[in-house]
Amino acid sequence: MIEPPLAPARRFTVAVRALCDFTARQGDLDLRFTPSPTAQQGIQGHAVVAARRGESYRSELPLAGDHGSLHVRGRADGYDPDGNVLEEVKTYRGQLSSIPDNHRHLHWAQLRVYGHLLCQALGLEQVNLSLIYFNIGNQQETAFTELRTRAELATLFAEQCDRFHAWAEQELAHRAARDAALDAMRFPHGDFRPGQRELAEAVFRANASGRGLLAQAPTGIGKTLGTLFPALKAAPRHGIDKVFFLAAKTPGRQLALDAAATLKADDGMALRVLELSARDKACEYPDRMCRGDSCPLAQGFYDRLPGARAACLDAALLDRPTLRAIGLAHSVCPYYLGIEMTRWSDVVVGDYNYWFDSGAMLYGLAQANDWRVSVLADEAHNLVSRARSMYSAELDRADLRAAQAMAPPLVKKALEKLGRAWTAAGKDAPLPYQVLEKPPPKFTDALATAVSSITEHLTDSAVPLEPALRDFYFDAMTFARLAESFGPHSLFDLTREDLRNTVLCIRNVAPAPFLGPRFEFAHSSTLFSATLSPWHYFADLLGLPATTAWVDVASPFTASQLEVHVAHGISTRWQGRAASLAPISSLMARQFGERPGNYLAFFSSFDYLQQALQQFERDHPDIPTWRQSRRMSESERADFLARFSIGGRGVGFAVLGGSFGEGVDLPGERLIGAFVATLGLPQLNPVNEQLRQRMDDMFGAGYDYTYLYPGMQKVVQAAGRVIRTEQDRGTVWLIDDRFARPEIQALLPAWWQMQDQA
């Protein structure tokens with residue numbers, strides 16, 4: 001089928017908020033902590049204000065207008081035709097005086113733009129503009145009003161648009177050049193690797209049809225380029241504004257940046273690529289506060305931002321070092337410069353949390369600007385556990401006591417009330433670990449009161465909170481937010497650590513209700529990994545749309561490349577671990593003797609690893625060994641991997657599911673075999689048993705969803721370190737008698753061929 005030619009871009013569409021962000025902000029970056037309402041509280045606050053108005057009041061009024069090539073659109077909060085009053089509602093907590101001046105300036109700019117669009121739409125000669133600040137705590141409104149004529153507002157609107165016009169024309173030219181280049185783009189390596197074309201075609205079809213995709217594709221075929229290339233190729237014809245490449249770990253981000261650089265190298269393609277890094281890693285002054293009177297890179301930030309923003313457009317790649325160099329050259333914060341450039345980039349590379357977390361920045365910007373986005377999630381087998389942690393929260397009674405010790409009198413009173421409610425909740429849970437039906441209303445009410453009390457103290461005081469009180473405050477706000485949305489997707493449990501101390505936890509078990517809206521909003525979401533089987537496990541837990549497609553890319557590797565053995569006479573169960581040490585040591589030495597080289601040996605825990613290492617070193621002191629230790633630094637991890645050199649010999653001992661079980665590339669002689677001495681099943685404990693029960697209630701597959709599938713994904717990932725290219729040859733030993741079971745082998749890669757069991 002021949003697709004129609006690209007339609008020329010005629011105008012630049014910009015949201016009212018984005019226009020004013022660009023033109024109306026000035027002065028310092030001021031991010032001193034001021035307690036702000038949650039998104040849900042903001043929605044409720046707007047609803048309260050609207051409910052107080054008359055029957056003719058119109059909420060969420062869509063407005064749009066043009067100025068040259070600019071098309072400006074947005075939704076005004078409310079209009080009262082009886083009084084001819086246009087309102088912009090802003091919710092806040094604490095003291096009104098705590099709202100920074102640059103925020104107020106922005107709010108007025110937005111309201112005046114809406115005022116112009118309203119006059120144009122209704123033919124009004126003048127309108128009353130009312131900026132409403134609504135206090136979430138006491139439900140009171142403070143209004144600032146002005147009367148503006150149609151002519152005045154038209155002039156102000158034109159001034160805003162004129163400031164933005166040159167940038168908009170530049171963006172229109174960039175988009176046209178970008179789309180033309182992407183439409184003509186060819187795969188950079190001449191031909192695809194085996195399996196890579198199948199993956200790329202599936203990703204292109206998903207983006208062309210606006211569907212989601214679960215793609216299981218083997219390691220070594222070039223999944224990063226095989227997903228990024230087709231998503232970009234689909235962008236011009238299907239109106240995709242941005243591609244978000246999300247990775248679980250830093251190495252995944254670097255692979256994406258390298259792939260994007262490879263594509264850009266093709267005739268200097270007009271493609272803007274941005275890396276988002278964590279704030280704590282990008283901060284130049286970690287001991288300063290993000291405000292003009294503390295940090296020199298925050299002082300006058302918005303005044304110097306235009307120069308830095310323009311400089312970014314000349315950069316070949318906006319990775320972390322480049323953003324830092326430009327930021328420092330223009331005396332602006334590199335981290336917030338990166339946030340600004342998100343608006344003007346075509347490919348954004350970052351961590352999962354930028355799209356999937358509750359306060360996800362990319363998701364919020366995409367909604368506010370109505371971007372059509374393609375989301376690519378690398379190593380997506382990690383997303384279930386990562387998303388669960390995003391929507392879980394914990395409160396420790398010891399932290400409450402520490403906060404009480406530092407609290408001023410009024411706050412201490414609220415915290416003491418919370419402590420009594422906490423004690424009452426504990427009386428209903430006398431066991432060391434117990435799941436309760438839901439967070440008790442008296443406890444959540446006391447928690448909300450405590451949060452409000454700290455908030456009021458914070459806004460009334462010029463002195464920062466003591467660390468213990470501050471940390472508990474942040475934990476309490478997160479807990480309170482999740483308590484509002486508590487449901488079958490989460491557990492509420494109490495752990496009794498000793499006679500005085502208990503820990504309360506809202507533990508998410510199925511992130512689907514939180515992630516589902518993000519998948520629905522995206523034009524297309526591709527989740528890819530070497531281990532995404534069975535597909536229904538991920539579809540159920542992540543909340544993927546029913547239209548999501550599934551592809552299992554055939555491996556380019558053959559059974560002749562990898563000898564897979566099952567040591568069926570050994571049990572790695574807890575009860576049999578002591579007896580397993582000598583047979584495992586003997587098996588590893590025998591394999592090493594048959595083919596000397598570099599091997600990785602995986603165990604289920606550091607304790608088991610240490611026992612196995614000691615046994616092996618006693619039995620075979622002539623074979624070199626090295627091991628993974630707890631909390632290794634980046635340099636220590638690099639030293640561990642450096643031992644796997646070409647021509648090297650020895651065994652590296654590692655923990656399954658840890659740093660060396662995935663995302664490690666040791667091709668050829670650097671790694672010729674692996675021993676996996678465990679099924680990787682999560683620990684049998686009260687928490688996991690409650691998870692199993694909930695998974696059984698929700699999906700009828702409690703054991704599989706809690707233990708078997710997560711464990712086997714770790715096994716396949718670890719074994720996948722051995723064969724990385726079509727030239728590699730290697731051996732994998734699966735050490736546990738359960739690996740001989742048909743239902744276990746059904747979860748292993750189809751291209752593996754099991755050797756005679758040993």
>> Being hydroxyl-bearing (Ser, Thr, Tyr) and part of a loop (DSSP other than H, G, I, E, B) is the filter here; which residues of segment 333-384 pass it?
In response: 345, 352, 358
>> Considering only segment 292-301, I want to know if a residue exists there that is over 28 Å from residue 252 (Cβ atoms), aromatic (Phe, Trp, Tyr) and not in a loop (DSSP other than H, G, I, E, B).
In response: yes
> Does segment 290-316 hold any residues that are within 21 Å of residue 260 (Cβ to Cβ) and surrounded by fewer than 18 Cβ atoms within 10 Å (Cβ to Cβ), and which are they?
Replying inline: 311, 313, 314, 315, 316
>> Among the listed residues 66, 80, identify the single one that is charged (D, E, K, R) and within 30 Å of residue 12 (Cβ to Cβ).
In response: 66
>> Only one of 403, 380, 414, 450 is buried (at least 21 other Cβ atoms within 10 Å of the Cβ) and more than 29 Å from residue 357 (Cα to Cα). Can you tell me which?
In response: 414
> Counting only residues that are touching a residue at least 24 places away in the same chain (Cβ under 8 Å) and aromatic (Phe, Trp, Tyr), which one in segment 283-333 is nearest to residue 164 (Cα to Cα)?
Replying inline: 302
> Would a scan of segment 529-549 turn up a residue that is open to solvent by 10 Å² or more (accessible area, probe 1.4 Å), assigned to a strand (DSSP E or B) and small (Gly, Ala, Ser)?
Replying inline: yes
> Which condition number does residue 220 fail, the rest of (1) among the small types (Gly, Ala, Ser); (2) in a helix (DSSP H, G or I); (3) touching a residue at least 60 places away in the same chain (Cβ under 8 Å) being met?
Replying inline: (2)
>> Please go through segment 719-743 and give me each residue that is buried (at least 19 other Cβ atoms within 10 Å of the Cβ), outside any strand (DSSP E or B) and not small (Gly, Ala, Ser), ordered by number.
In response: 721, 722, 723, 724, 728, 735, 736, 739
> Any residue at all in segment 72-90 that is open to solvent by 20 Å² or more (accessible area, probe 1.4 Å), assigned to a helix (DSSP H, G or I) and under 30 Å from residue 455 (Cα atoms)?
Replying inline: no
>> What pairs come out if I take residues in segment 54-66 that are under 20 Å from residue 17 (Cα atoms) and pair them with residues that are open to solvent by 60 Å² or more (accessible area, probe 1.4 Å) and small (Gly, Ala, Ser) whose C-beta lies under 8 Å away, six or more apart or interchain?
In response: 63/121; 65/121
>> Just to be sure I understand, how many residues within segment 178-224 are open to solvent by 20 Å² or more (accessible area, probe 1.4 Å), farther than 26 Å from residue 751 by Cβ and under 28 Å from the mean Cα position of the chain (by Cα)?
In response: 5
> In segment 337-357, what count of residues is obtained for those that are open to solvent by 40 Å² or more (accessible area, probe 1.4 Å) and among the hydroxyl-bearing types (Ser, Thr, Tyr)?
Replying inline: 0
>> When you scan segment 699-717, do you find a residue that is assigned to a strand (DSSP E or B), open to solvent by less than 20 Å² (accessible area, probe 1.4 Å) and touching an Asp or Glu at 6+ places or on another chain (Cβ under 8 Å), even just one?
In response: no
> Among 629, 635, which is the only one that is in a loop (DSSP other than H, G, I, E, B) and open to solvent by 30 Å² or more (accessible area, probe 1.4 Å)?
Replying inline: 629
>> I want to confirm something. Restricting to segment 227-257 and keeping residues that are closer than 21 Å to residue 335 by Cα and free of Cβ contacts under 8 Å to residues at least 40 places away in the same chain, which single residue is least open to solvent (accessible area, probe 1.4 Å)?
In response: 250
> When both residues are 6+ apart or on different chains and their Cβ atoms are under 6 Å apart, which pairs have a first residue that lies in segment 733-758 and is under 16 Å from residue 676 (Cα atoms), and a second that is at pLDDT 90 or above and open to solvent by 50 Å² or more (accessible area, probe 1.4 Å)?
Replying inline: 755/563
>> Exactly one of these conditions fails for residue 567: (1) open to solvent by 10 Å² or more (accessible area, probe 1.4 Å); (2) at pLDDT below 95. Give me its number.
In response: (1)
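The values are calculated or read from the model by the stated rules, or taken from the named source; none is laboratory data. Only a predicted model underlies this, so the values are computations on that prediction, with no experimental measurement involved. Because the Cβ atoms are built from the backbone with ideal geometry, glycine has one as well, and the counts that use them run over all protein chains shown. We work out accessible area using only protein heavy atoms, side chains counted, and drop any ligands, DNA or RNA first. Shrake-Rupley method; radii C 1.70, N 1.55, O 1.52, S 1.80 Å.
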